[in-house]
Amino acid sequence: GQNIDQPTEMTATEGAIVQINCTYQTSGFNGLFWYQQHAGEAPTFLSYNVLDGLEEKGRFSSFLSRSKGYSYLLLKELQMKDSASYLCATGSYNTDKLIFGTGTRLQVFP
Amino acid sequence: DGGITQSPKYLFRKEGQNVTLSCEQNLNHDAMYWYRQDPGQGLRLIYYSQIVNDFQKGDIAEGYSVSREKKESFPLTVTSAQKNPTAFYLCASNPQTGTEYTEAFFGQGTRLTVV
């Protein structure tokens, strides 16, 4: 099956760095996604990792360790607009499902 | 412009009525998904489809039905059997050629309220 765990809430200060962790158990693992979702809106794509290592994209980076079933999303130089929920999701080539975690609500304070 | 469109944005339903939520995509994607999101919660998978005329139940399919008669369309019907249908419903699509995943695109969502 597919099971995903993330912290429920995190807080950080504007300009700081924050790391949001995600652990997963997915049979037939076929990639891990990170999405950002502002309240009342649809999720928007941030990153996709299928191989181990770090993928950097501007202020956001995502890391994957398949052997540990672990990923993190790193947000640098935090801005107020980064206050949102961050959703971790995995794909499975066994089931073809795309399953999401419950999301981590990040609040950025001045 | 290519994209995925959900309609309506807001929908009100009386108890005991069935209601159908529309999801259309012009991205030529094979895979389509329906998710439900409750306040402060993550996305839970209702149904998904990898190909026309075929679909599978997700984790919370009870009280819902879908069809996939065309590649572009994946409507979701919320039936009267769904005991707590008030939620935010999101449709997504993904190219998913073979075993390769790529970015899943989301519609803007439909907020369903039972009155």
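What the table shows:
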quantity	calculated
Length released on extending from A:Ser27 to A:Gln79, taking residue separation times 0.36 nm less the Cα-Cα span	15.1 nm
Signed unit charges on C-beta, dipole axis of the protein assembly as shown, positive-most listed residue B:Pro85, A:Thr104, A:Thr44	B:Pro85
Ranked A:Trp34, B:Trp34, criterion: other C-beta atoms within 10 Å, fewest first	A:Trp34, B:Trp34
Label-point separation in nm, A:Phe45 to B:Ser7, each point 7 Å along Cα→Cβ	2.5
Rough spin-label spacing in nm, given labels placed 7 Å along Cα→Cβ, for B:Asp38 and B:Ser67	3.0
Point-charge dipole on Cβ atoms (K/R +1, D/E -1) for segment B:16-115, about Cα centre, debye to 20	320
Label-to-label distance, nm, for residues given as B:Val115 and A:Asp5 (7 Å Cα→Cβ offset)	4.3
Ranked B:Tyr10, B:Tyr47, criterion: other C-beta atoms within 10 Å, fewest first	B:Tyr10, B:Tyr47
Other protein chain Cβ atoms within 10 Å, averaged over every residue that makes up B:29-42	3
J(HN,Hα) series, segment A:29-43, from Karplus relation 6.51 cos²θ - 1.76 cosθ + 1.60, nearest Hz, glycine and proline x	3, 9, x, 10, 10, 10, 10, 10, 9, 7, 3, x, 10, 6, x
Interchain or long-range residues, amide H under 5 Å from A:Arg105's placed H	A:Glu9, A:Met10, A:Tyr86
From phi via Karplus (6.51, -1.76, 1.60), per-residue ³J(HN,Hα) for segment A:52-69 in Hz, x at Gly/Pro	5, x, 9, 10, 10, 9, x, 6, 9, 9, 10, 10, 9, 10, 5, 5, 9, x
FRET efficiency, A:Leu54 to A:Ala16 (Cβ-Cβ, R0 22 Å, nearest 0.05)	0.70
Likely footprinting exposure, A:Lys97, B:Lys57, B:Lys71, fewest C-beta neighbours within 10 Å first	B:Lys57, B:Lys71, A:Lys97
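Coordinate-derived values only; no laboratory data. Everything quoted here is computed from the prediction, not taken from an experiment. Here the Cβ is made from the backbone with ideal geometry for all residues, glycine too, and neighbour counts use every protein chain on show.
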